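Engineer: Attaching a single structure in structure tokens format; questions to follow.
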Amino acid sequence: MSPVFPMLTVLSMFYYMCLRRRARTATRGEMNSRRAIESNTRALPINVEIVQYAKEVLDFSSHYGSENSMSYTMWNLAGIPNVYPSSGDFTQTAVFRTYGTWWDRCPSARLPFKRTPSTFCSQDYVELAFEEPVYPTAVHILETYHPGAVVRILACSANPYSQNPPAEVRWEILWSEAPTKVNGPQARQFTPCIKQINFPTNLIRLEVNSSLLDYYTELDAVVLHGVKERPVLSLKTSMIDMNDIDEEEDEEKFACGMDTLNKQFSIVTLREWPTNGYFDKLPYELIQLILSHLTVPDLCRLAQTCKLLYQHCCDPLQYIHLSLQPYWARINDTSLEYLQSRCTLIQWLNLSWTGNRGAISVSGFSRFLKVCGSELVRLELSCGHFLNETCLEVITEMCPNLQELNLSSCDKIPPQAFNHIAKVGSLKRLILYRTKVEQTALLSILNFCSELQHLSLGSCVMIEDYDLIASMMGAKCKKLRSLDLWRCKNITENGIAELASGCQLLEELDLGWCPTLQSSTGCFTNLARRLPNLQKLFLTANRSVCDTDIEELAANCTHLRQLDILGTRMVSPASLRKLLESCKDLSLLDVSFCSQIDNRVVLELNANFPNVFIKKSFTQ
């Protein structure tokens, strides 16, 4: 054959790829239309672009602010900008709970799930509703402090203001990118190049990753540009970026893989081969080890190749640890049903962010746990808004070996449902951040779950008396290593005394934004003297923290690694120097808005203690 023919074949394949990429933004009808193929006209300027700010914040995974105010909350993303184009730390912006890698380097840090695809790096999200459904042409994100956290923008086919729920809810990725480091904390308008979709939307979701940031990112507003009628596109195009083709291919593989999860695992008729090649010579365990590096969609695709690999891909040993969070947009009752027979030995399960808007039903979740819950040790259900009292009852009955339960931001669970958790006496970790747990249920949990080592009660606003809760912890939870009391409104020095007396193994304590604690009562010096193992202590926004408290920490808590005293007016540079000299492992010190610690002092401390990240926030 002439050498020219292989070259023509390659060129033909490239031309086909270009056409297919352009065609993905068209409907099947437009693809089959002769007029669509033959037309070389550009999009007709018959649509007037609609520009709108978010009308409402529908859902989010976390925020820095309180549930009872607007300062630093996600609700600030609704409406017109409050701050932009100004830069700095402003209470009128939306701020997520964490930043950097500090939360991954403290005693309460959880081990990551293996098999998480490299393309999924989201840590938090917020969902915004707009007035008019449009075909998006642009999304503008107004970032006012430490920009660069947004890693993914998605659009939903469901109209949150429609009276009739759709039969199917679709999510499409408009833009996605790995986390990047942005030089400088200054404000910016972030306008990524978005993909066109074939349905109108008024529900936009932002996903963020703050791991590369030096401080909390602050978002002011989101602007959606779009048209009411879908633009008619031509196939006549200019240069095509090969990187764009790769990204499109990745998204197609993701969709194909998750569709396979729902359908192809049920296939029993596979092509017969006389041999399995070299796989017949490999030990079963070695093939299992090789396949353990594949993601769930990859396992689904590989299962279709031959009976041998189908058997390996369906082996329950491949599903000991399973995270479905990266595929939250496509997981539903059907997915769980097909996974049941493969998850009979599952020990770690991550269903965070999944199941919302009817994708997972109470009955579907219950059926799955009844088959697969007996060996569960760790269950992640963050932001699972399908959960109700029946679900918690099933968890406690079907998961007798459960040690870790994450219900973070499951704010739809009714207060009385939390009583069921007390039946799981083996619990070692319980995360109830932003839930409606009440005092009676929590007291019962603490009384019967004496093995608890990690407990998060941040932003639990329905607890009436935190002193009583702290007293119960001190009496029953002797093994407690980390405790999150972020924004608890009524704990006093009495509760702190009971806690410090009974939980002397504490290594991590978050008392940020607890306004009823006063240094003059001696509560902080008492903590320092009774908890010598402290590695992380957050006293955020407690203006009464003074030099005496810092000096006591320097004398007694020499293992301290992270200290947040944002907002105090009574700490001097001298006491900080003592702390830094004594605590050799200290890596984070937040002195933002500390009136006695100016930029000159911070520069001096940074020069003398280069291994410590000393943060000084500002407002312009």
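The values are calculated or read from the model by the stated rules, or taken from the named source; none is laboratory data. Nothing here was measured: the structure is a model prediction, and the numbers come from that model. As a convention, Cβ positions derive from the backbone with ideal geometry for all residues, glycine included, and neighbour counts pool all protein chains shown. Protein only, heavy atoms only, side chains kept; ligands, DNA and RNA dropped before computing areas. Shrake-Rupley method; radii C 1.70, N 1.55, O 1.52, S 1.80 Å.
Engineer: If you rank TRP75, TRP328 by how much accessible surface each has, with a 1.4 Å probe, what is the order from largest down? Before the final figure, lay out each step's value.
Structural biologist: On the way: TRP75 80, TRP328 20 Å².
Correct descending sequence by accessible area is TRP75, TRP328.
Engineer: Further question on the same structure: Just to make sure I understand: if all protein chains stay in place, what is the order of SER292, SER87 by accessible area at 1.4 Å, largest first?
Structural biologist: Details: SER292 45, SER87 15 Å².
Of SER292, SER87, the descending order of accessible area is SER292, SER87.
Engineer: If the limit is 24 Å between Cα atoms, which of LYS436/LYS536; LYS578/LYS616; LYS370/LYS479; LYS181/LYS616 go over it? Please report the intermediate quantities before stating the final value.
Structural biologist: Working: LYS436/LYS536 26 Å; LYS578/LYS616 19 Å; LYS370/LYS479 31 Å; LYS181/LYS616 19 Å.
Those over the limit are LYS436/LYS536; LYS370/LYS479.
Engineer: Compute the projected area of the convex hull of the Cα atoms of the range 509-590, averaged over all viewing directions, and report it in nm² to one decimal place. Mind dumping the intermediate values first?
Structural biologist: Numbers: hull surface 17.4 nm².
For the range 509-590, averaging the hull's shadow over all directions gives 4.4 nm².
Engineer: Still on this structure: From the phi of every residue in the range 451-460, what ³J(HN,Hα) in whole Hz does the Karplus formula 6.51 cos²θ - 1.76 cosθ + 1.60 yield, where θ is phi - 60° and glycine or proline is x?
Structural biologist: Couplings: 8, 4, 10, 9, 9, 10, 10, x, 6, 8 Hz.
Engineer: Probe radius 1.4 Å, ligands and nucleic acids ignored: give me the carbon and sulfur share of the accessible area of the range 502-619 as a rounded percent. If you can, show how the numbers build up before the last one.
Structural biologist: Values: 2260 of 4660 Å².
Carbon and sulfur atoms account for 48 percent of the accessible area of the range 502-619.
Engineer: Which of the peptides 521-527, 111-117 is most tightly packed, and how do the rest follow, going by the mean number of other Cβ atoms within 10 Å of each residue?
Structural biologist: Working: 521-527: 20.6, 111-117: 14.0.
Packing proxy ranking, top to bottom: 521-527, 111-117.
Engineer: Label LEU111 and LEU212 with points 7 Å out from Cα along Cα→Cβ: what is the distance between them in nm?
Structural biologist: 2.9 nm
Engineer: GLU56: net charge of surrounding residues, Cβ under 15 Å, Lys/Arg +1, Asp/Glu -1, itself excluded? It would help to have the intermediate numbers written out before the result.
Structural biologist: Working: positive: LYS55, ARG205; negative: ASP59, GLU127, GLU131, GLU132.
Every neighbour counted, the sum reads -2.
Engineer: Just add up the charged neighbours of LYS228: K/R +1, D/E -1, any other residue whose Cβ is under 15 Å from the Cβ of LYS228. Please list the in-between numbers first.
Structural biologist: On the way: positive: ARG230; negative: GLU49, GLU131, GLU132, GLU229.
With Lys, Arg at +1 and Asp, Glu at -1, the net is -3.
Engineer: Report the full-extension gain for the segment TRP175 to CYS193: residue separation times 0.36 nm, less the Cα-Cα distance, to one decimal in nm. Could you put the intermediate results ahead of the total?
Structural biologist: Numbers: separation 18, 0.36 × 18 = 6.48 nm, distance 0.70 nm.
Full-extension gain reported as 5.8 nm.
Engineer: Which value results when the Cα radius of gyration for the range 49-227 is divided by 2.2 N^0.38 Å? Kindly include the intermediate steps, with their values, before the conclusion.
Structural biologist: Values: Rg = 16.1 Å, N = 179, 2.2 N^0.38 = 15.8 Å.
Dividing the Cα Rg of the range 49-227 by 2.2 N^0.38 Å gives 1.02.
Engineer: Next question, about the same structure. Using a 1.4 angstrom probe on heavy atoms only, work out the carbon and sulfur share of the accessible area of the range 49-227 in %. Write out the running numbers ahead of the final one.
Structural biologist: On the way: 3410 of 6900 Å².
Ligands and nucleic acids excluded, carbon and sulfur give 49 percent.
Engineer: With 18 Å as the cut-off, how large is the P(r) tail for the range 447-589, expressed as percent of Cα-Cα pairs?
Structural biologist: Numbers: 5200 of 10153 pairs.
Result: 51 percent of Cα pairs exceed 18 Å.
Engineer: Subtracting the Cα-Cα distance from 0.36 nm times the residue separation, let me have the gained length for ASP598 to ASP411 in nm, one decimal. Could the numbers behind the result be given before it?
Structural biologist: Values: separation 187, 0.36 × 187 = 67.32 nm, distance 4.02 nm.
Length gained, ASP598 through ASP411: 63.3 nm.
Engineer: By how many nm would the segment from ASN608 to ILE80 lengthen if fully extended, with 0.36 nm per residue of separation less the alpha-carbon distance? It would help to have the intermediate numbers written out before the result.
Structural biologist: Values: separation 528, 0.36 × 528 = 190.08 nm, distance 4.41 nm.
So the extension gain works out to 185.7 nm.
Engineer: Continuing with this model, one more query. Using only the alpha carbons, work out the radius of gyration and Dmax of the range 548-611 in angstrom.
Structural biologist: My reading of the Cα-based Rg and Dmax gives 10.7, 28 Å.
Engineer: Give the value in nm², to one decimal: projected area of the alpha carbon convex hull of the range 45-148, averaged over all directions.
Structural biologist: Numbers: hull surface 38.7 nm².
Mean projected area for the range 45-148: 9.7 nm², to one decimal.
Engineer: When a/c is below 1.5 the answer is rounded, else prolate if a/b is larger than b/c, else oblate, so apply that to the range 282-386 with a ≥ b ≥ c taken from the square roots of the Cα gyration tensor eigenvalues.
Structural biologist: Values: a/c = 2.06, a/b = 1.78, b/c = 1.16.
Prolate.
Engineer: Another question about this same structure. Starting from the eigenvalues of the Cα gyration tensor, five times each then square-rooted, give me the equivalent ellipsoid semi-axes of the range 375-522, largest first, whole Å. Numbers along the way, then the final one.
Structural biologist: On the way: eigenvalues 128, 54, 30 Å².
Ellipsoid half-lengths, sorted descending, are 25, 16, 12 Å.
Engineer: How much of TYR84 can a 1.4 Å solvent probe reach, expressed as accessible area in Å² and rounded to 10?
Structural biologist: 70 Å²
Engineer: Next question, about the same structure. Counting only heavy atoms of the protein chains, get the accessible area per residue of the chain (1.4 Å probe) and round it to a whole Å² value. Before the final figure, lay out each step's value.
Structural biologist: Working: 27480 Å² over 620 residues.
Per-residue value: 44 Å².
Engineer: Tally Lys and Arg at +1 and Asp and Glu at -1 over the other residues with C-beta under 14 Å from the C-beta of ILE421: what net charge comes out?
Structural biologist: Working: positive: LYS423, LYS428, ARG429, LYS436; negative: GLU389, GLU393, GLU397, GLU404, GLU438, GLU451.
For residues surrounding ILE421, the net value is -2.
Engineer: If I take R0 = 45 Å and measure r between the Cβ atoms of LEU317 and VAL51 in this structure, what FRET efficiency does the formula 1/(1 + (r/R0)^6) give, to the nearest 0.05? The partial results should precede the final answer.
Structural biologist: Values: r = 53 Å, r/R0 = 1.19.
According to the calculation, E is roughly 0.25.
Engineer: Treat each spin label as a single point 7 Å out from the Cα along the C-beta direction, and report the GLU132 to ASN276 distance in nm.
Structural biologist: It works out to 5.9 nm between the two label points.
Engineer: Evaluated at 37 °C with a viscosity of 0.692 mPa s, what Stokes-Einstein diffusion coefficient in µm²/s does the chain have when Rh comes from the Kirkwood expression over alpha-carbon pairs?
Structural biologist: Numbers: Rh = 26.9 Å.
D = 122 µm²/s.
Engineer: Ok, one more. What ranking do 275-281, 150-156 get when scored by the average of other Cβ atoms within 10 Å per residue, highest first? Kindly include the intermediate steps, with their values, before the conclusion.
Structural biologist: On the way: 275-281: 10.4, 150-156: 22.7.
Packing order, densest peptide first, comes out as 150-156, 275-281.
Engineer: Compute the distance in nm between two label points, each set 7 Å from the Cα along the Cα-to-Cβ direction, one at ALA475 and one at ASN388.
Structural biologist: So the label points at ALA475 and ASN388 sit 3.5 nm apart.
Engineer: For the chain, what is the mean residue ellipticity at 222 nm derived from helices alone (per DSSP H run of n ≥ 4: -39500 (n - 2.57); sum divided by total residues; nearest 500 deg cm²/dmol)? Before the final figure, lay out each step's value.
Structural biologist: Values: 17 runs with 171 residues, N = 620.
Helices in the chain give a 222 nm mean residue ellipticity of -8000 deg cm²/dmol.
Engineer: For the range 49-227, what is the charge dipole size about the Cα centre, in debye to the nearest 20, if Lys and Arg each add +1 at the Cβ and Asp and Glu each add -1 at the Cβ? Please report the intermediate quantities before stating the final value.
Structural biologist: Working: 12 positive and 18 negative charges, 129 e Å.
So the magnitude is around 620 debye.
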